[in-house]
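Before any comments, here is the structure.
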Amino acid sequence: MTIKFAEKKLNFNKKIHSIKFKIILVVIIIVCLSLFTLGYIITKNISSEIKAETHNNNLEIAGIIENKTKEFFQGAEKSLNRVAENYGIRSNNQPDLVAKRKFREEMKNYNYFNAMFFLGTDGTYTVLSNEQNINNDFLQRNYWLKKARNRKEFFWTSTHLDITGGKNTISAVKPVFDYSNNFIGIIGADLSPDNLSEVIKWKIGENGFVYLIDNKAKVIAHTNKKLLEKKLDMSSYLDLNQLFASDDIELFSYNGEEYLLSHIKIDTIGGALMAQVPAAQAYQLIDKIKKIIFISALIIVIILITLLYIFIHRTLIVPILDLNNKLKKTEKGNFDLDFKLDKKDEIADLAKSSGDLINKIKMMIDNIENLSSQVSFSSDNINKATSGLMKSTQSNQKIFDKVKNAADRQENNIEEVHKKIISLNNDIKEIKENNDTLTDSSVLMNEKTAKGEKSIKNVKKQMNIIKEKIDIVSQDIGSLVSLSEDIDNILSIINGIAEQTNLLALNASIEAARAGNAGRGFSVVAEEIRDLSEESRNSAEKISKLIEKIKIETHKAGENMRSGKKELNKGIERVETNSKNYLEINNSLKKVNNVIDKSYQSAADADEAVKDILETMEDISRISQKNADLSSEAQERSEDQLNEIKDIDQQSESLINIVEKLKKLVKSV
């Protein structure tokens, strides 16, 4: 059981790896891809055509409804104008009664409005509605009055709840003027959503419909009245700006279902008439076409595969199998087969080429048999020659070893001497560098000494100038003391004058008192003079105190000047001493420089001698190294030659083995 299963598995593997299976598989894949690509292109084109046809159909229906809608709005406007132009209302003679009568006539004869009302500027409010529940307090009344007063013409309002508060609607508003052209109020009417829905009622296919939206995407009329009662707001599903910017059909989702939407803008209310169809309804035809294409493609694939199998089996598989059988026979040693086919295609060329190849192989086998005998004879001769050459090479190898060892010892000795000379050279360089450092330091010290000597001379000169200046200042301080004493004498005179002036003023006051009224003015002057003399005396005392302080400070300054002069003289003496020391340092540095120059010259001479020795040692080292390299190279070449001889010997043995194998192979063939 296991053997049969293994045989079945082997046969199955042969089939799936056969050329026949691979060719048929490739053909099937190509045909399937071609048919499915064709189906995709057809489906896509049909989808675009169906979408365009749906759009045209929607627009055609919307166009018909547009005319009816415009007629409805125009009729509503005319109806409201008739009421607003009524004589009874414009004359403002019981406008509420007249308005109600006219409302009743219009609503009876026409089906435009669900409710009509008159709103006067004086608060008059009259309403007539088909509904029972009326919301009289709607918020828009004051806004509409103000807008009508400003615009002075008919207008449509934005969407709002109707007068019953149950449905979305829009209102028509007309301003009313009396015969003196005074604004007296507005005539308004709620558009009937039900009647407007009847106007746009149109079914598109099974589930398509039409509806009307305002400028904020609120639904004000709908084919389905149940949806109208829900007060639909499409602003969350539609972007009106994007919608109005294009005339193409739009695809949008509503409650989990996709719709194809076409629109016609209604400028009267700033909204649009919308015609939409479920996408599934529009694309039903595409699904049918897809099924037809799939079935047709499947049938075509089966037929093509069958025809291709028959064709490939007869024209390709059978000749290849026949050629394969002949090659297997040739493999067993039968070279007398005819490979020609009664065909003129590539398979016949392949069979002919195979026959030519077999004939060439047969000729090659005959030639190999002849050559193998010749190669066997030559290999024996090569073995004999290589044996003698190997012995000679081994003898040379021993001589080269001795030469190389001697060269290595010489190289090591030269290397040791070279290291010691390099060490000596480094020491000399270090001495030379130290001399360079000493020279630089000596030059620097000479410069610093010269600068120091120059600075001491400048200091000495400056200190002499300072001494002269101190002498001058000392003289000035003496003059200042004399002037202070003179000022003190002058102040004594001023004090005496002030005391005398004070006495004179006192006497004048006494005389003025004796004179009575005649001397009163003189008494005032005398009093002023006495005050001035008192102030002069006080000022003189203050100046005297300041002069006393100046004299004290001047005396201290004189003492400090004398002390500074003594210290300055000591400084001049020290500068003289330092100047002599710098001169001695300079002489010592000159002697040191001479010693450094001699040391530097000796180090330079030693350095040149070491360089000459190093160059000589390097020449000896190069020659020694060259000898060692030549010995190594000769030894390596000898080893290479020995290895090559061994390789030749091995190749000869291998060649003999190959010849033996060729003989056996030719005999087996």
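The values are calculated or read from the model by the stated rules, or taken from the named source; none is laboratory data. In this text, all values refer to a predicted model and were calculated from it rather than measured experimentally. A quick note on method: Cβ atoms are made from the backbone with ideal geometry, for glycine too, and the neighbour counts reach across all protein chains shown.
Can you work out which of the residues in region 198-208 that are crowded, with 20+ Cβ neighbours inside 10 Å and more than 14 Å from Phe73 (Cβ to Cβ) is modelled with the highest pLDDT?
Gly208
Select the strands (runs of 3 or more DSSP E) contained entirely in region 190-306, then report the ones holding at least 2 residues which are touching a strand residue (DSSP E or B) at 6+ places or on another chain (Cβ under 8 Å) and more than 20 Å from Leu161 (Cα to Cα). Lay out the reasoning, then the answer.
Values: elements: 209-213, 219-222, 250-254, 257-266, 271-278.
So the answer is 209-213, 250-254, 257-266, 271-278.
Can you spot a residue in region 161-169 that is within 29 Å of Asn57 (Cβ to Cβ) and modelled with pLDDT under 85?
Step one: filter region 161-169 for residues within 29 Å of Asn57 (Cβ to Cβ), giving 168.
Among the residues that remain, those that are also modelled with pLDDT under 85 are: 168.
Yes - at least one qualifying residue is present in region 161-169.
For a quick check of your reading of the model, give me the residue pairs whose first member lies in region 22-40 and is closer than 11 Å to Ile293 by Cα, whose second is at pLDDT below 75 and among the charged types (D, E, K, R), with beta-carbon atoms closer than 9 Å and at least 6 apart or on different chains.
Cβ pairs passing all conditions: Gly39/Lys290.
Taking the criterion of being more than 18 Å from Asn224 (Cβ to Cβ), aliphatic (A, V, I, L, M) and at pLDDT 75 or above, would at least one residue in region 282-291 satisfy it? If you could, list the steps in order and put the result at the bottom.
Start the filter on region 282-291 by keeping residues that are more than 18 Å from Asn224 (Cβ to Cβ), which leaves 282-291.
From what's left, aliphatic (A, V, I, L, M): 282, 285-286, 289.
Cutting the leftovers down to at pLDDT 75 or above gives us none.
Among the residues of region 282-291, not one is more than 18 Å from Asn224 (Cβ to Cβ), aliphatic (A, V, I, L, M) and at pLDDT 75 or above, which makes the answer no.
What pairs come out if I take residues in region 86-114 that are assigned to a loop (DSSP other than H, G, I, E, B) and pair them with residues that are small (Gly, Ala, Ser) whose C-beta lies under 6 Å away, six or more apart or interchain?
Tyr110/Ser79; Tyr112/Gly75; Tyr112/Ala76; Tyr112/Ser79
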